[in-house]
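The structure under discussion appears below in the form of structure tokens.
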Amino acid sequence: MIDPTRQRDQPALTTSSGLIWVIMGGLLAAISVGVLIPLFGSPPRGVAITAAIVVAVIYLGMLAVRFAVRPGRRRLAVLAGGMITIAAVALVGVLLVAINA
């Protein structure tokens, strides 16, 4: 039986086409890169640039998944995981630069 109050039974993780994950992932990626760009010259050099590139690659991977994987829970789970990974990579990049500032 599906319980709509249960976290893993939420419509966004069960019946969505994945478009909302791609849109929100794009917004998160844009904000993350926007935060990382001013840090490009900060020590340790290369961390912010690398984090921005990894964020962009993860988002491109999300786009590929959206069109290559059949609709369903697997596609939605991978898209959600990509969004979480974008947030984690950006956070680690900013923290590494902040720690060494």
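What follows draws every value from the coordinates through simple rules; no lab data is involved. What you see is a predicted model; the values in this text were computed from it and never measured. Quick reminder, even Gly has a Cβ in these numbers, built from the backbone with ideal geometry, and neighbours come from all protein chains shown.
Quick notes on this one:
Yes or no, residue by residue, for (1) in contact with a Lys or Arg (Cβ under 7 Å, 6 or more places away or on another chain); (2) assigned to a helix (DSSP H, G or I); (3) not small (Gly, Ala, Ser):
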| residue | (1), (2), (3) |
| --- | --- |
| Thr5 | no, no, yes |
| Leu28 | no, yes, yes |
| Val54 | no, yes, yes |
| Ile58 | no, yes, yes |
| Arg74 | no, yes, yes |
| Ala90 | no, yes, no |
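- Residues in segment 51-101 that are exposed (fewer than 15 other Cβ atoms within 10 Å of the Cβ), touching a residue at least 12 places away in the same chain (Cβ under 8 Å) and more than 15 Å from Trp21 (Cα to Cα): 3 in all.
- Flag for Ile23 being exposed (fewer than 11 other Cβ atoms within 10 Å of the Cβ) and within 14 Å of the chain's Cα centre (by Cα): yes
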